[in-house]
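> Here it is, the structure, as structure tokens.
The values are calculated or read from the model by the stated rules, or taken from the named source; none is laboratory data. None of these values were measured; they are calculated from a predicted model. FYI the Cβ positions are ideal-geometry reconstructions off the backbone, even for glycines, and counts take in every protein chain you see. Each accessible area value is taken on the protein alone, full model and side chains, heavy atoms only, with ligands, DNA and RNA left out. Shrake-Rupley method; radii C 1.70, N 1.55, O 1.52, S 1.80 Å.
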Amino acid sequence: MSKEKDNSTLTRPNAFLERLYAENVSHHESYFGKGAVKLQMREKLQELLGPLPGEPVELNSVVLETVDCGDYIRERVAFSTYDDLTMLAYVLVPKEVKTTGSGKRPAVLAVHGHGFGSKEVVGLTSDGLDNTGNWNLYKHFSISLVRMGFIVIAPELLGFGDRRLEQDAKAEPASNSCFRLASSLMLMGQSLAGIRVYELLRTLDYAQTRDEVDPHRIGCMGMSGGGMVTALASALDERFKATVISGYTNIFKSSIMDRNHCLDNYVPGLLQYGEMPDWIGLIAPRPLFIESGTVDTVFPINGSREAITRLQKVYEDAGAGAQFQFDIFEGKHEISGAQSYDWLASNLEL
């Protein structure tokens with residue numbers, strides 16, 4: 001009996017995965033080490049995310065509703081991302097901008113993760129009712145930012161809220177279509193992460209069409225899965241002038257390889273070339289802020305600390321050490337904002 005117990009570990013695939021991980025990591029220096037060409041790795045990232053449209057379709061944006069929220073105006077808008085995909089988003093505009101036309105303002109794209117979609121970051125229930133009195137992991141951060149004076153655009157990521165598949169539309173509000181979308185796209189050589197990143201870049205295109213927005217002062221802030229989309233989109237597109245990643249930055253091995261995560265977190269082949277901080281480091285030398293909670297159980301703090309240490313080196317090597325900042329705060333898997341909101345204001349010259 002004891003012999004059988006001793007040999008049981010040989011039937012487990014743990015050592016197999018450890019070996020594969022070590023083999024993959026051993027090649028990372030050749031891709032992201034000294035002398036690495038950032039443009040080539042951006043092209044590789046885009047390749048791994050899956051084929052994206054060559055020519056963007058017309059946005060054909062429309063305003064679906066306008067609500068006076070006291071000190072700001074909330075719009076619900078729609079615009080095309082593909083010929084057969086329509087993005088929904090909330091746009092929050094300080095009332096003084098609407099009433100006085102007081103010049104162009106910096107904008108922040110506010111990107112949600114799992115939950116019931118963009119309503120969750122703009123102070124609404126899943127039914128569209130006021131929910132500002134109830135705190136959640138997103139802490140209605142779009143409202144905090146618009147009250148500082150930013151234009152805020154909160155897109156609805158594909159697979160959540162009103163952008164779930166028809167088969168999932170009547171399920172409970174916090175359910176999603178992530179698995180069905182991600183697995184179907186993988187079969188066709190694409191990734192859900194890639195589609196979401198592309199749609200965030202189309203949201204950036206939309207932001208630049210807004211009369212109130214300074215097209216040269218646009219940042220992005222994303223939480224959890226929204227942090228992933230924010231990170232990869234910012235790595236690809238230098239139009240993002242400041243980026244905040246909340247509740248995501250980590251090491252793949254310590255997070256999405258260590259526990260069961262939603263399939264939308266996985267991009268085939270990504271680890272062959274780099275660990276998470278390598279890919280996030282493509283944002284350098286542009287301003288980057290990381291916030292992570294000490295008791296986050298989704299993206300654990302030990303992995304976050306390691307990623308932050310590696311990102312500090314990336315920025316120092318790029319001669320941009322001051323452009324990287326972070327906040328390890330006492331909290332769980334949630335937005336903080338204690339330092340990041342003011343950091344955005346400073347870097348986007350609010």
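> Quick one: net charge around Leu158, please, counting Lys, Arg +1 and Asp, Glu -1 for every other residue with C-beta under 10 Å from its C-beta.
Summing Lys/Arg as +1 and Asp/Glu as -1 gives 0.
> From the helices alone, meaning DSSP H stretches of at least four residues, give me the mean residue ellipticity at 222 nm for the chain, per-run term -39500 (n - 2.57), in deg cm²/dmol to the nearest 500.
Calculated at 222 nm, the ellipticity per residue is -10000 deg cm²/dmol.
> Let me ask something else. For the chain, build the convex hull from the C-alpha positions and give me its volume per residue in Å³.
That works out to 157 Å³ per residue.
> For a quick check: with amide H placed at 1.01 Å from N, whose amide H comes under 5 Å from Val111's, ignoring anything fewer than 5 positions away on the same chain?
When sequence neighbours closer than 5 places are left aside, the close amide H contacts are Met221, Gly222, Met223.
> Order His140, His261, most accessible first, counting only protein heavy atoms with a 1.4 angstrom probe.
Of His140, His261, the descending order of accessible area is His261, His140.
> While we're on this one: If you take the square roots of the eigenvalues of the alpha-carbon gyration tensor of region 182-303 and sort them as a ≥ b ≥ c, do you get rounded (a/c under 1.5), prolate (a/b over b/c) or oblate?
The shape class here is oblate.
> Let me ask another. How large are Rg and Dmax for region 203-258 when only the alpha carbon atoms are used, in Å?
When restricted to Cα atoms, region 203-258 yields Rg and Dmax of 13.3, 45 Å.
> For a quick check, take a GNM of the chain with Cα springs below 10 Å and name the residue from Gly128, Gly159, Gly226 with the largest mean-square fluctuation.
Maximum among the listed residues: Gly128.
> Let me ask something else about it. Between rounded, prolate and oblate, where does region 286-333 land on the alpha carbon gyration tensor, with a ≥ b ≥ c its root eigenvalues, rounded for a/c under 1.5, else prolate if a/b exceeds b/c?
The shape class here is prolate.
> Have a look at Lys170, Lys241, Lys313 and tell me which one the Gaussian network model of the chain (Cα, springs below 10 Å) gives the largest fluctuation.
The residue that fluctuates most here is Lys170.
> Please give, to one decimal in nm, the separation of the simple spin-label points placed at Thr86 and Arg259, each 7 Å out from Cα toward the Cβ.
Here the modelled spin labels are 3.8 nm apart.
> Using alpha-carbon pairs under 8 Å, 6+ residues apart, how would you state the relative contact order of region 58-127 in percent?
21 percent
> Right, here's the next one. What is the local net charge at Pro300, summed over the other residues whose Cβ is closer than 12 Å to its Cβ (Lys, Arg +1; Asp, Glu -1)?
Around Pro300, the surrounding residues sum to +1.
> Would you mind checking Lys95/Lys332; Lys104/Lys332; Lys44/Lys253; Lys95/Lys170; Lys44/Lys139 for any pair whose Cα atoms are more than 26 angstrom apart?
From Lys95/Lys332; Lys104/Lys332; Lys44/Lys253; Lys95/Lys170; Lys44/Lys139, over 26 Å: Lys95/Lys332; Lys104/Lys332; Lys95/Lys170; Lys44/Lys139.
> Around Glu65, what is the net charge, scoring Lys/Arg as +1 and Asp/Glu as -1 over all other residues with Cβ under 9 Å from its Cβ?
Net of charged neighbours comes to +1.
> Whole-Hz Karplus ³J(HN,Hα) for region 313-328, in order, using 6.51 cos²θ - 1.76 cosθ + 1.60 and θ = phi - 60°, x for Gly and Pro?
5, 4, 5, 5, 5, 7, x, 10, x, 6, 7, 10, 9, 8, 9, 8
> Right, another one. Return the sequence-ordered ³J(HN,Hα) values of region 86-92 in whole Hz as given by the Karplus equation 6.51 cos²θ - 1.76 cosθ + 1.60 applied to θ = phi - 60°, using x for Gly and Pro.
Karplus-based 3J(HN,Hα) across region 86-92 equals 10, 7, 10, 8, 9, 10, 10 Hz.
> Additional query: Which cross-chain or sequence-distant (5 or more) residues have an amide H under 5 Å from the amide H of Ala284, H modelled 1.01 Å from N in plane?
Those lying under 5 Å, H to H, from Ala284: there are none.
> Rounded, prolate or oblate, given the Cα gyration tensor of region 88-185, with a/c below 1.5 counting as rounded?
prolate
> Just to confirm the number: angle between the C-alpha axis of helix 14-25 and the first principal axis of the chain, 0 to 90 degrees, nearest 10?
In the chain, helix 14-25 runs at an angle near 60 degrees to the longest axis.
> Given a 10 angstrom Cα cut-off, can you work out which residue in Ser183, Ser336, Ser80 is the most mobile in a GNM of the chain?
Looking only at Ser183, Ser336, Ser80, the largest GNM fluctuation is found for Ser183.
> Next question. Calculated FRET efficiency, Ser26 and Trp135, Cβ-Cβ r, R0 56 Å, to nearest 0.05?
Efficiency computed from Cβ-Cβ geometry: 0.80.
> I've got another one for you. Given the C-alpha centroids of region 160-182 and region 310-336, what is the distance between them in whole angstrom?
33 Å
> Between Gln312 and Glu238, what FRET efficiency comes out of the Förster formula 1/(1 + (r/R0)^6) with R0 = 22 Å and r the beta carbon distance, rounded to 0.05?
FRET efficiency, Glu238 to Gln312: 0.55.
> Express the relative contact order of the chain as a whole percentage, based on alpha carbon pairs under 8 Å and six or more residues apart in sequence.
Computed over the chain, the figure is 17 percent.
> What translational diffusion coefficient, in µm²/s and rounded to a whole number, does the Stokes-Einstein relation yield for region 52-145 at 25 °C and a viscosity of 0.890 mPa s, taking the hydrodynamic radius as the Kirkwood radius over Cα pairs?
The Stokes-Einstein estimate is 167 µm²/s.
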